[in-house]
Amino acid sequence: MSIPQPGIFVETSNQFYFLEYQINHGLPLAEIKQQLAKALDIANDVNIVIAFGKSLINKLEASSISLELEEFKTIKGVKEFCAKGTQRDVLFWIHSQNIGKNFDAMMTIHNSMKSISIAALDLHGFTYHDDRDLIGFVDGSANPKLPEQHQVALIPQGKEYAGGSYMLTQKWCHNLPKFNKMPITEQEQVVGRTKIDSIELEGNDMPINSHVSRTDVKVNGEAMKIYRRSAPFGNTSESGLYFLSFACEMQRFTSQLNRMYGLTDDGIHDKLIEFSSAQTGSYWFAPSMDDLKRIIQVN
């Protein structure tokens, strides 16, 4: 049985680091693998998930070409809305309840990676109040629970690369002054949930362009659910949400994004993208533990 990277499903953390790297592809493959293995050799009790972009994983293991994995390309939606594509090679997601241990792990990883890559993103995330986004709404209310989490997030047992997961990450920057100017009832219409108690709107009260409506997708009768592990980030110059999600197949991401950006037959876009913009975007594959060990092993 293929075992997924355990950090994917640990939900008790409240401090996070997200690191994205662009590899120097001109380096010997053995050197890249050695430094990746060194980066993961961390002897403290933080959770670390590693994932690879298409270009790098195909370089590390030729057979990975069979994966559905794609490169994230800029999405140009209706009314000039866009989600930027900034595909990177390696993602490290570090999380625990101890920011000091997270920092130590981050520095160990970076000291191993800096000789083979350029750090393209280095972001600190955190839990905001009772699991809320910075816009004040609970994030992840409809996230699947066990055992459905594994069904939604992982390639099924018996298939090639079973226990692995496709991922989408985006750094969303919010226009909080614009959003907060609206009365709470209007904010709720944008999101599709009540603000205080996170109850999903129903019937005629649910706008067709709310975030909930546009991301509630079915393909051939099957719900395109994903498992979200996003975290807010913020400082005095920018604030938003690092969107981090897992799925058993790529179409779960693309079908939601197409509906958000008005690229479906109805031409309706997600009202929430009027208040937040995706400044980065990458697709990844997070291998199972056994596959990861094999992929970064130097022959």
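The values are calculated or read from the model by the stated rules, or taken from the named source; none is laboratory data. Since we're looking at a predicted model, the values are computed, not measured. Note that we place each Cβ from the backbone using ideal geometry, even for glycine, and neighbour counts take in every protein chain shown.
Annotations for the structure displayed:
- One residue stands out among those in segment 153-173 that are in contact with a helix residue (DSSP H, G or I) (Cβ under 8 Å, 6 or more places away or on another chain) and hydrophobic (A, V, I, L, M, F, W, C): the one that is farthest from Cys248 (Cα to Cα), which is Leu168.
- Pairs, first over 19 Å from Arg132 (Cβ atoms) in segment 6-19, second surrounded by 15 or more Cβ atoms within 10 Å (Cβ to Cβ) and of a type in the set (Val, Ile, Thr), C-beta under 6 Å, six or more apart: Gly7/Ile48; Gly7/Val49; Ile8/Val49; Tyr17/Ile94
- Only listed residue being part of a loop (DSSP other than H, G, I, E, B), at negative phi, over 16 Å from the mean Cα position of the chain (by Cα) and modelled with pLDDT of 95 or more, chosen from Ile135, Ile109: Ile135
- Scanning segment 27-64 for residues that are outside any helix (DSSP H, G or I), under 28 Å from Gln15 (Cα atoms) and of a type in the set (A, V, I, L, M) turns up Leu40, Ile42, Ala43, Val46, Ile48, Val49, Ile50, Ala51.
- Here the strands (runs of 3 or more DSSP E) wholly within segment 181-294 that include at least 2 residues being aromatic (Phe, Trp, Tyr) are 239-247, 282-286.
- The condition of being without any contact (Cβ under 8 Å) to a residue 40 or more places away in the chain, more than 22 Å from Met289 (Cβ to Cβ), of a type in the set (S, T, N, Q) and out of contact with any helix residue (DSSP H, G or I) (no Cβ under 6 Å at 6 or more places or on another chain) does not hold for Asn143.
- Lone unmet requirement of (1) in contact with a strand residue (DSSP E or B) (Cβ under 8 Å, 6 or more places away or on another chain); (2) surrounded by fewer than 21 Cβ atoms within 10 Å (Cβ to Cβ); (3) among the hydrophobic types (A, V, I, L, M, F, W, C) for Ala223: (1)
- Counted residues, segment 50-66 - those being among the hydroxyl-bearing types (Ser, Thr, Tyr) and either under 18 Å from Ser245 (Cβ atoms) or buried (at least 19 other Cβ atoms within 10 Å of the Cβ) (or both): 1
- Checking the stated criteria, Ala83 turns out to be at pLDDT 95 or above and farther than 27 Å from Asp290 by Cα.
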